[in-house]
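Please see the structure below; I have some questions.
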Amino acid sequence: MVVNRRPKSLVWPLILISIGILFLLKNLGVVDWNLWSLLLRTWPVIIIAVGLDLIFGRRSGIWSVITAGVVIVLFAGALWIFDVSENNWSGDLITKSVVQEIGDAEEAEIDINMNIGILKIGALEAESDLLISGEVEISDFEELSDDLEVSGDTLKYTLSSDAKPYQAEWILNQEVDNDKTWDLRLNRELMLDLAIDTGVGKFEIDLSELRISKLDLNTGVGEVTIELPSEGNFRADVSGGVGKLTLYLPSDLAAGIYIDGGLGNVSVSGDFTQRNGNYFTQNYESSSDQIQLYIEGGIGAIWIEQID
């Protein structure tokens, strides 16, 4: 019997090799580009490359070669435009303190939006009278928005930044370009409804010592690491972007994991039972402390690991 094997794609190896070469050149000091900013501005090229690969790239013969050539030209053009426009996006960093008191609130809704850089989230010391405290870096052409609403016993707090680019938006625009850091600590006594939107960069979100009623996380491009609390009954919705997403689940937290996979790999390790593509701990049905984790995959790897 003759089995027709679908030709392997050349597009994904080319993308991975290109990104690897860029990071190598950055480490060697050959280029001084902000690579996270590069990924942010050129992500449409990656989407186009994936589309071309799905339509033409896995056909046999000349089509596969033509598709690979088109992808190389697209990336070369994007890099050229990025190099030409890079200087127009640089800016000095300004450090600002973020402090918000609790008052008489008993619970809070917190919405954090960061476009590019390094985001770190953790817990404040016990018995703090603050809802949030930390320092954020923004460029000199960004505006930091720090809004608070009070509704009964609930605080609604939003922290975000808006960029004002120097150049026309049609030139591979996305956001400002710098290596900035937001380091934030949240109250560990209040029940928190937490929404986080990330852009491009590295995001370390440690919720292990917080009380969470709901988590809504939308990831962009880069590496995201989340450590979940060991107690509570809540739902977490995680939308994967482009890059690696790692979630650490305490072993004593009952969990049901529902995955809608994207264009990437999903790895789940720990004491789980798999049913219909979903994963459940043995005590999921009976435990009062449990998480319902809904993951919508993006382009990249998703790692879910139980920890002690």
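Might you report the magnitude of the Cβ-based charge dipole of the range 98-158 about its Cα centre, with Lys and Arg at +1 and Asp and Glu at -1, to the nearest 20 debye?
Taking the Cα centre of the range 98-158 as origin, the dipole is about 260 debye.
Quick query: amide H of MET191 versus all other amide H atoms, modeled in the peptide plane; which residues come in under 5 Å with a sequence gap of 5 or more or a different chain?
Result for MET191 returns ALA108.
Out of the DSSP beta bridges found with both residues in the range 172-308, what percent are antiparallel (nearest 5)?
10 percent
Return the long-range amide H neighbours of GLU101 (sequence gap of 5 or more, or a different chain), with a cut-off of under 5 Å between placed amide H atoms.
LEU131
For the range 279-296, take each phi angle, set θ = phi - 60°, evaluate the Karplus expression 6.51 cos²θ - 1.76 cosθ + 1.60, and give the result in whole Hz per residue in order, putting x for glycine and proline.
For the range 279-296, the Karplus-derived couplings read 10, 9, 6, 5, 9, 4, 6, 9, 7, 7, 9, 7, 10, 9, 9, 10, 10, 9 Hz, x marking Gly and Pro.
Between LEU93 and ASN233, what is the label-to-label distance in nm when each label sits 7 Å out along the Cα-to-Cβ direction?
With each label point 7 Å from Cα toward Cβ, the separation is 4.3 nm.
Using amide H atoms built 1.01 Å from N in the peptide plane, name the residues 5+ places from ARG235, or on other chains, whose amide H lies under 5 Å from its own.
It is LEU215, GLN292, by chain and number.
So, one more: In nanometres, what is the gap between the two model label sites at ASN278 and ILE21, each 7 Å from Cα along Cα-to-Cβ?
It works out to 4.5 nm between the two label points.
A follow-up question, please. 7 Å from Cα along Cα→Cβ at both GLU127 and ILE62: what's the point-to-point distance in nm?
It works out to 7.9 nm between the two label points.
We did not get these values from a lab; they are worked out from the coordinates using the rules stated. Given the structure is predicted, the values throughout are model-derived calculations rather than measurements. Here the Cβ is made from the backbone with ideal geometry for all residues, glycine too, and neighbour counts use every protein chain on show.
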